[in-house]
Amino acid sequence: MEKPLSQVLKEELSNKEDNILLGEAACKRIDRLANASPYYKKLLLTFPEYWAWLEKPVNLENFRHKAYQEIWQNEFAPKEASLEVVTEKMLQFRKKMLLRIAFLIVNRLAKNEELFKELTLLAEFCVQTLLSQIITLWERRLGVPWLENTHTKARFCVLGLGKLGGKELNFFSDLDLIYIYEGNGYCWRDAEETHTSNREFFTHVCQDLTKYLSYRNGDSILYNIDLRLRPDGAHGSIAQTLTAIENYYSERGQTWEQLALMKARPIAGDKHLGEELLENLNTFRYPRSPSVHVLQEVASVKSRIEKEVVGQDNLQRDIKSGYGGIREIEFILQGLQLLNAGKNPFLQNASSYECLGLLTRYRLLQPDESTLLYQSYTFLREVENYLQLREEKQTHVLPHAATELQTLGENLGYDSVDNFLAKMNHVRQEIHDLYEQFFPKSELDTIIQDWFSFLCGEVPSPYIEESLTHWFKSDTQIHKRLRDFVLGFDQHTLSKNHVQLFVQLTEHFDYVFSSLEDPLAILDKIGVFAARYGARTQFLQTCSQNPNFFRALAMLFGRSDFIYRLLCQHPEIIEELLQITPKREKSIADIIRELELLPQNEDFQKYLWLYVKAEQVRVAIGELLLNYTFSETTHQLTLLAEAVLQFTLVKFGLSNDIGIVALGKLGGSAITFGSDLDLLLIARTLPSAEIGAQLLEWEKCVHYSTPLGRTFEIDFRLRPYGQDGPMIITLDAFKDYHKTKARFWEKQILTKARFVAGSNTIGSDFLQIVHDILYTTPISSEDLEEISKMLEKIREEKSSVLACNIKREAGGLMEIEFLAQSIQLVYGYKHKAIRSKETAQVFKHAANLNLITPEQGHLLLENYDYLSKLENCIRRNEFKGIVSLPESLDQQSNLAYSLGYSSFEEFSIEYKQRLSETRAMIETIFSDLNGKLTKA
């Protein structure tokens, strides 16, 4: 039979005085420790003299910092040694100090609360001692870190969190640390600034401090260091500035981080710096108006720990994080603090024991609840200590083996395993029942947990599977894409708060996505936009609270890649537009008043570009969300262009000397997204050099270019002589050109000519010239034949690419507009009504005047409207003058869906049918026009 440790040690001790002092009571105490911990039994066999040291009265009292310092200096501290030697000595020092605390624990010679504080104080002493030596070492190497703004030494602090922050360390707790330093600057050495930044200096310090605190020799380790509670977790910088930390928590802080910081406390370095940080973060740690979901969020942190850390197999045996464990007690206390400590500062306390007393005092816990929590916490923490001191290993799990359970029970004073387990199960059941009173589960909790599990990569539950099928197309990457949407770039910080906000947002998915073809692709885009918008949780909260904002983003991004890129670069646009209800119409005067508010400086052209794009987005919102008619959309876009032309002409001092005539779509008040502005510049006399220079500045402003495109695409190629002609033409030169040199198509384009900006007298005179050119006599049959030949030439040039060109294809927009212009040129001389610049109005009046049949008028109007809306839809996607149907299958499908078709094939059938009908109708009307001209 093995000898008791006391007998073995007595035989080893050479000092007879020690043997005499170590009587029967002392023998029982040392044997009790040996039975509880084989690890410390082995240590005593190595150092028998420690027994007598343990029995000294001074070592049976509570230790303070001074006691640790004296023992370190007198027995262990090496002189002028390397950090490696210092750390090895510190490991030996810590073993002896833990031996003493284990001795006190197993012999119940001190209260648990006092021993937790001693374990904490020991850890702080080790951190402080090593930090002091490491900073001194790096200051010798790199110089002293200096603040550039105050010219003082930069401060550094170590924050302790978790049980270290709460002064409740157990035998083998991790040290949860955050390293902070103060401000930017560079190190100074020998009265000169070096190239080493403060960040580099403190990074070296923190890396070394972590390294040496984690020092290991065989099975022994100084401490397990955990830095994952810092901002951005394992992905964040090891050392962070005060400002960076404050910004992180204010913008992206999670509920679990609130819980972590409630335990935060400066433990080493400049503690005033740590206190400043905690003071600045106080409204985050203890919010005055916590979320109504705060208890659900706390419970979700617990669920996540159970799932990700503990695992289903260990839930019953893990006394820390399992059912009815230490965590559930701590979460009850912290949940009550989150709800109340913002308004009652007396509750702001990091210690669980002290917090328990305060919550009881302020009647947030009933006396019987307080008693239950106190006794259960004390019991479970005692069991935790016994589990860890046995082999000095970090464990919170009850052993499987019956013999180990029996030993554990005996050490805790139970006469049988059954009695010990009965006590354990009773305590944990009572705690779990109380926990569920504070954190009741609901159907919503189940849904949130299902989504959480799915976003963590687990197989979707039937509920999630059904939801995914309902909302999205099948996609093998759907888990990753949704996780990206929920988290953005912070892929390591999925929290219950994220998931809860996402679940709230999914309530609006049916409303938002019902008219969109590929919701998952749109969520991808919204996710990218969200990264520019701000903190992801803030964005999700905004969307869930304001579904119209979310729907606006979805519709805009689903219908326009350009708007998506624009808003990603300028997210402020959408927020400003949605703060007010977009008007159904702004007049030119309204727009000019807003243009006057822009900064009128050298950057005006940049502000003008942004204003124009914002207004175009406003019109898109009106079209997509507020049921603007197509004519309202084109009218608003036309007024925007006209207002910009009028305002800028005045701004550059040209409005008295120049007139701007609009041709093409602007002339016809039919501007769509991405339309060019076909312009003609006219003057009464040739402009001076000064006016010419100003005109170039004006063009540069209106034509301003960015990577996202120009303010407006300006096209002057329709002027007399085309690109070879002068930019500005006088009224007399224009009149003479059309008498002697103009080709017929140049006469034809004047049917759209409309004065839009500049000198009114010049504009009035110009329009009289146009009237004289177009409407004094009808065109001849030869002129009409020339129009027909032009169309025929276009058809002959049609290639496979043009087969999908909605403008130039047979029966397309160009043929319809040519027909309208032909009707104007044939009948305009005697029917003023059909001189309209708008194609649709020409057909309406022509039908009313019986120039075409009502049936022809109806068909032409319907198909012209159909093709114009189709063109607008295509152009809206890129804000470019695109006239061809998309080639990619995804874009084709999206186009068809946005127009109300179930497939592109369904769209194509109607599209081709309308072209065919229109083509036949145009040929009939051209034939009738030609017959009338021939008779005439």
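Only residues that are surrounded by 15 or more Cβ atoms within 10 Å (Cβ to Cβ) and either part of a loop (DSSP other than H, G, I, E, B) or within 20 Å of the chain's Cα centre (by Cα) (or both) were counted across segment 215-227, and they come to 4. If the condition is being crowded, with 21+ Cβ neighbours inside 10 Å and touching a Pro at 6+ places or on another chain (Cβ under 8 Å), then segment 87-126 contributes no residue at all. Annotation: of all residues in segment 592-607 being more than 26 Å from residue 875 (Cβ to Cβ) and not in a loop (DSSP other than H, G, I, E, B), the one that is least open to solvent (accessible area, probe 1.4 Å) is 604. Taking the conditions exactly as written (open to solvent by less than 10 Å² (accessible area, probe 1.4 Å) and outside the structural domain of residue 341 (by the TED database)), does residue 273 satisfy them or not? For residue 273, the condition - open to solvent by less than 10 Å² (accessible area, probe 1.4 Å) and outside the structural domain of residue 341 (by the TED database) - is met.
Restricting attention to segment 348-358, and to residues there that are within 17 Å of residue 326 (Cβ to Cβ) and under 38 Å from the mean Cα position of the chain (by Cα), which single residue is surrounded by the fewest Cβ atoms within 10 Å (Cβ to Cβ)?
So the first thing to find is which residues in segment 348-358 are within 17 Å of residue 326 (Cβ to Cβ), and the list is 350-356.
With the extra rule that they be under 38 Å from the mean Cα position of the chain (by Cα), the set shrinks to 350-352, 355-356.
Numbers: 350: 22, 351: 20, 352: 24, 355: 22, 356: 22.
Checked segment 348-358; the qualifying residue surrounded by the fewest Cβ atoms within 10 Å (Cβ to Cβ) is 351.
Annotation note: Cβ proximity below 9 Å between a residue of segment 849-865 that is more than 22 Å from residue 808 (Cα to Cα) and a residue that is assigned to a loop (DSSP other than H, G, I, E, B) (sequence gap 6+ or interchain) occurs for 849/831; 851/831.
Set side by side, the residues 557, 529 differ, and just one is crowded, with 21+ Cβ neighbours inside 10 Å and not aliphatic (A, V, I, L, M), which is 557. The criterion of at least 3 residues that are more than 20 Å from residue 451 (Cα to Cα) and touching a Pro at 6+ places or on another chain (Cβ under 8 Å) is met, among helices (runs of 4 or more DSSP H) falling completely within segment 481-581, by 519-533.
What number of residues within segment 171-195 are part of a loop (DSSP other than H, G, I, E, B) and within 30 Å of residue 391 (Cβ to Cβ)?
4
When we screen 472, 452, 485 for residues that are more than 19 Å from the chain's Cα centre (by Cα) and in contact (Cβ under 8 Å) with a residue 24 or more places away in the chain, the only hit is 472. Annotation: of all residues in segment 833-845 being in contact (Cβ under 8 Å) with a residue 24 or more places away in the chain and not β-branched (Val, Ile, Thr), the one that is most open to solvent (accessible area, probe 1.4 Å) is 838.
From the set of residues in segment 615-636 that are modelled with pLDDT of 90 or more and of a type in the set (Gly, Ala, Ser), which is surrounded by the most Cβ atoms within 10 Å (Cβ to Cβ)? Filtering first and then ranking leaves 620.
With respect to the conditions (1) surrounded by fewer than 17 Cβ atoms within 10 Å (Cβ to Cβ); (2) in contact with an Asp or Glu (Cβ under 9 Å, 6 or more places away or on another chain); (3) hydroxyl-bearing (Ser, Thr, Tyr), residue 706 lacks only one, and its number is (2). You will find that of 728, 682, 660, the residue that is open to solvent by less than 20 Å² (accessible area, probe 1.4 Å), over 21 Å from residue 836 (Cβ atoms), modelled with pLDDT of 95 or more and outside the structural domain of residue 841 (by the TED database) is 682 and no other.
Determine if segment 832-850 includes at least one residue that is among the acidic types (Asp, Glu) and more than 25 Å from residue 624 (Cβ to Cβ). Give the derivation first.
Let us first name the residues in segment 832-850 that are among the acidic types (Asp, Glu), namely 838.
Narrowing the set further to residues that are more than 25 Å from residue 624 (Cβ to Cβ) leaves none.
Scanning segment 832-850 turns up no residue that is among the acidic types (Asp, Glu) and more than 25 Å from residue 624 (Cβ to Cβ).
If you check 541, 569 for being open to solvent by 20 Å² or more (accessible area, probe 1.4 Å), touching a residue at least 40 places away in the same chain (Cβ under 8 Å) and farther than 20 Å from residue 447 by Cα, only one passes: 569. Against the conditions (1) surrounded by fewer than 19 Cβ atoms within 10 Å (Cβ to Cβ); (2) outside any helix (DSSP H, G or I), residue 852 satisfies every one except (1). What number of residues within segment 731-745 are open to solvent by 50 Å² or more (accessible area, probe 1.4 Å) and assigned to a helix (DSSP H, G or I)? Of the residues in segment 731-745, 6 are open to solvent by 50 Å² or more (accessible area, probe 1.4 Å) and assigned to a helix (DSSP H, G or I). Screening segment 139-170 for residues that are among the basic types (Lys, Arg) and either under 19 Å from residue 238 (Cα atoms) or part of a strand (DSSP E or B) (or both) and picking the one that is most open to solvent (accessible area, probe 1.4 Å) gives 153.
The values are calculated or read from the model by the stated rules, or taken from the named source; none is laboratory data. Owing to the predicted nature of the structure, the values given are computational and were not obtained by experimental measurement. Neighbour counts run over all protein chains shown; Cβ positions are idealised from the backbone, glycine included. All accessible areas refer to the heavy atoms of the entire protein, side chains included, with ligands and DNA or RNA removed. Shrake-Rupley method; radii C 1.70, N 1.55, O 1.52, S 1.80 Å.
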